Amino acid sequence: MATAQAPFWTEDFDNGIPTGWTTTDGSSNGVLWEACSGTGPSPNCVDLYGQDPFASTTAANGFVVVDSDAAGDLPTNHISRLTTSAIDCSAASKVFAIFQNYVGVFAVPSTDNVVLKVSTDGTNWTSYNVVEGLDVNNRFSDNPHIAAINISVVAANKPVVYLQWEWTGNYEYWWMLDDVQLTTVDPTPANNLVLGDFFYPVSSYATPVSEIKTDTFGFYGYVSNKGIVDQKNVTLFAYVADDNNNILFVDSAKIDVLPVGYIDSLIVLPNRFAPELTTGLYSVVYAVSSDSTDARPNDNVDGDFFEVTDNLFSKERGPNSANQPAGGGNYAYANLYQMSSESLEKYRVLSFDIAAATNGAPAIQLEDISVTAYLFKVNDDVLPDFSNFDETLFFSSSLEWLGLGSFDFPDGAANFDIETASIEDVASGEAGVLLEKGARYFASIEYTDANNTAFHAVSDETSHFFLSSLAFNDASGWFAGFGADFNPVIRMNLDLVTSVDEQPLPETAMAVLPNPIQTTLNLQVGFDQATDATITLAEMSGRVINIDNRKGLTNELLTYQVPQLANGMYIVRMATTVGTRTLKFVVQK
């Protein structure tokens, strides 16, 4: 949070915009700064699109905000200005402006457009960037972003100083401002390491247990020295932990000296982790340290979660906003999913889970929207980095079209509700598409004609620094321009292909004891020599309930707790390199 470094002037907007301040729009579009009380039914005074509320130190007693999103698509960019009354800095030989803010952009980058301007006459202004680097690839600042700007060259020892926060944008999100201070003391701490971007090594937020084994993890991160002292023995740690905080993997790498002002030093950790994991929630955590005690340790640690599931592929844990490519028109989003080359079982996809939203401009309800679902297989000759991918057409020559579905959002559908779109094989017309071992797939949702007014639901909570999700429109073709944290809600569930054994194993390979069951499934397994197997529990429709990969099975009893299963008949199937055995069992409570 903002530091109390002997401020000689402060403003926390507890009484709204102070008397004598002005708010104007240099474009005449009327997009103005407004006071927000920080309380009541709308404490942030803007649509947050799933983002967290403004977290400034005194947000609860009020702040100011300019709502670019509410203004809509303007004929020209707004130039929204908030200007103070005159401030006396005559006794200050140095002047540093410190304030907390929160910015979200959509089309117009923040650099040179989200600025603090300083003047001594109200006519001639010097501009300072407040938040640099926000654009379509990185839309939101930290919350709060603490700006500490040296304005001494303009303001030091001046009896009249004006501050002006100016935002040039068009249909962006918002800019919130609070807790402004002017101080004579440089707020930069001596020791301030910052962990920046880090490599999230998982291909998808959620991955089926049958597919996770080939998703080998590597680790690296970017570290900055934002203090005023060189940092010695800077060490970056990474570890993987389960939901009970048991450490499954840990590694580290060290830099002897990180000089002052060195930004985003890449540190690559030497070892890799092969995720032989069971279903559950896991975390990847990074931490940076040095020989010195860090003044702001909160930015030394970061990380993210991932899940190993029974049957679900997903790039996100839930939507927190919705968007579409800038410029409008027909568009599509797609997620890239890869099957393991080591799975012993056959799976198919019957449907995608999707979500969308509308915003009433133009007035259209989600229940009026129809979308088309596609499943594409990426051609084997497409390189791992997709550098030779044909991105020009939706039906790219680099893709094989396998699955198709049309989905109408149901009556009463609400924004961000998860809906299910069925998929059919385009060649046979049958439900579902068989998935190949080791193959890569695009799960895609397309919005055309009147339906392209809707926004597809996305999440920005997880960042992938490799190709993970794409967008398509006629102007740009296939592109990944939304950034590393672009994760559309297009989930893919695996289903067991068949209950018929093409190469049956002997009866002694697996038996259900007893049958019917209540809440515990016991499998007696028997092999003459150690055998690797994939054991799948499924509904009679093929919907996967649980997948278990076992190595070196001989003669043993396998036990599965399944209290969630309702009364009825189910399938248990064992797949090995030499054959399969499928049995039915009954749950009777």
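Checking every one of the GluC sites (Glu not before Pro) in segment 72-179 against DSSP loop status and a limit of 14 other Cβ atoms within 10 Å picks out Glu132.
With bins 5 Å wide beginning at 0, the percent of Cα pairs of segment 205-279 falling in each bin runs 3, 14, 20, 18, 14, 11, 9, 6, 3, 1. Once the Kirkwood radius over Cα pairs is known for segment 481-589, the Stokes-Einstein relation at 4 °C and 1.567 mPa s delivers a diffusion coefficient of 85 µm²/s. Applying a 4.7 Å Cβ-Cβ cutoff to the chain, the cysteines left without a disulfide-compatible partner are Cys89. What net charge do the residues around Gly329 carry, taking every other residue with its C-beta under 14 Å from that of Gly329, with Lys and Arg at +1 and Asp and Glu at -1? Charge balance near Gly329 sits at -4.
In segment 380-478 the Cα-Cα distances spread across 5 Å bins starting at 0 as 2, 9, 16, 21, 21, 19, 9, 3, 0 percent of all pairs. Heavy atoms of the protein chains alone define the surface here; on that basis the chain has 42 Å² accessible area per residue at 1.4 Å probe size.
With a cut-off of 11 Å between beta carbons, the residues surrounding Gly477 carry a summed charge of -3, where Lys and Arg count +1 and Asp and Glu -1. From the P(r) of segment 263-375, could you give the percentage of C-alpha pairs in the tail past 23 Å? In whole percent, the share of Cα-Cα pairs in segment 263-375 beyond 23 Å is 58. Taken along the Cα-to-beta-carbon direction at a fixed 7 Å, the label points for Leu248 and Lys94 span 4.9 nm. A simple rule links phi to the HN-Hα coupling: the Karplus curve 6.51 cos²θ - 1.76 cosθ + 1.60 with θ = phi - 60°, which for segment 380-391 gives 5, 7, 6, 5, x, 8, 6, 5, 9, 6, 7, 9 Hz, with x for Gly and Pro. Taking other residues whose beta carbon is less than 15 angstrom from the beta carbon of Gly568, and scoring Lys, Arg as +1 and Asp, Glu as -1, yields +2. When a 1.4 Å probe is rolled over the protein heavy atoms, the share of accessible surface on the chain that falls to carbon and sulfur comes to 48 percent.
Once the Cβ-Cβ distance of Val426 and Thr19 is raised to the sixth power relative to R0 = 51 Å, the FRET efficiency obtained is 0.15.
Each residue, Asp47 and Asp390, gets one label point 7 Å from its Cα in the Cβ direction; the gap between the two is 3.9 nm. When Rg and Dmax are taken over the Cα atoms of the chain, they come to 28.2, 94 Å.
Annotation: extensible slack from Gln564 through Ser127 equals 151.2 nm (criterion: 0.36 nm per residue apart, minus Cα-Cα distance).
My understanding is that a pair violates if its Cα-Cα distance is over 32 Å; which of Lys213/Lys377; Lys94/Lys226; Lys94/Lys232; Lys377/Lys589; Lys158/Lys226 do that in this structure?
Lys377/Lys589
First measure r as the distance between the Cβ atoms of Val586 and Gln529, then evaluate 1/(1 + (r/R0)^6) with R0 = 22 Å and state the FRET efficiency to the nearest 0.05. That gives a FRET efficiency of 0.10.
How large is the dipole of segment 263-343 about the Cα centre if only Lys and Arg carry +1 and Asp and Glu carry -1, each at its Cβ, rounded to the nearest 20 debye? If you can, show how the numbers build up before the last one.
On the way: 4 positive and 11 negative charges, 52 e Å.
Here segment 263-343 has a charge dipole of around 260 debye.
For n ≥ 4 DSSP H runs only, could you compute -39500 (n - 2.57) per run for the chain, divide by its residues and tell me the 222 nm figure to the nearest 500?
Estimated from H runs of four or more residues: 0 deg cm²/dmol.
Counting alpha carbon pairs within less than 8 Å and at least 6 residues apart, what relative contact order, in whole percent, applies to the chain?
Contact order relative to length: 12 percent.
For segment 120-241, averaging the sequence separation of C-alpha pairs within contact (under 8 Å, six or more residues apart) and dividing by the residue count gives a relative contact order of 23 percent.
I need the shape label for segment 1-76. Rule: rounded when a/c is under 1.5, else prolate if a/b > b/c, else oblate, with a, b, c from the alpha carbon gyration tensor. Oblate is the answer for segment 1-76, as a/c is 1.5 or above yet b/c matches or exceeds a/b. Dipole magnitude for the chain: about 960 debye, using +1 per Lys or Arg Cβ and -1 per Asp or Glu Cβ, origin at the Cα centre. Inter-label distance, Leu383 to Ala156: 5.2 nm, where each label sits 7 Å from its Cα along the C-beta direction.
The values are calculated or read from the model by the stated rules, or taken from the named source; none is laboratory data. Quantities reported herein were computed from a predicted structural model and do not represent experimental measurements. Using ideal geometry, Cβ is built from the backbone for each residue, glycine included, and neighbour counts are taken over all protein chains shown. Ligands, DNA and RNA are stripped out before the accessible areas are found, and what is left, the full protein with its side chains, is counted by its heavy atoms. Shrake-Rupley method; radii C 1.70, N 1.55, O 1.52, S 1.80 Å.
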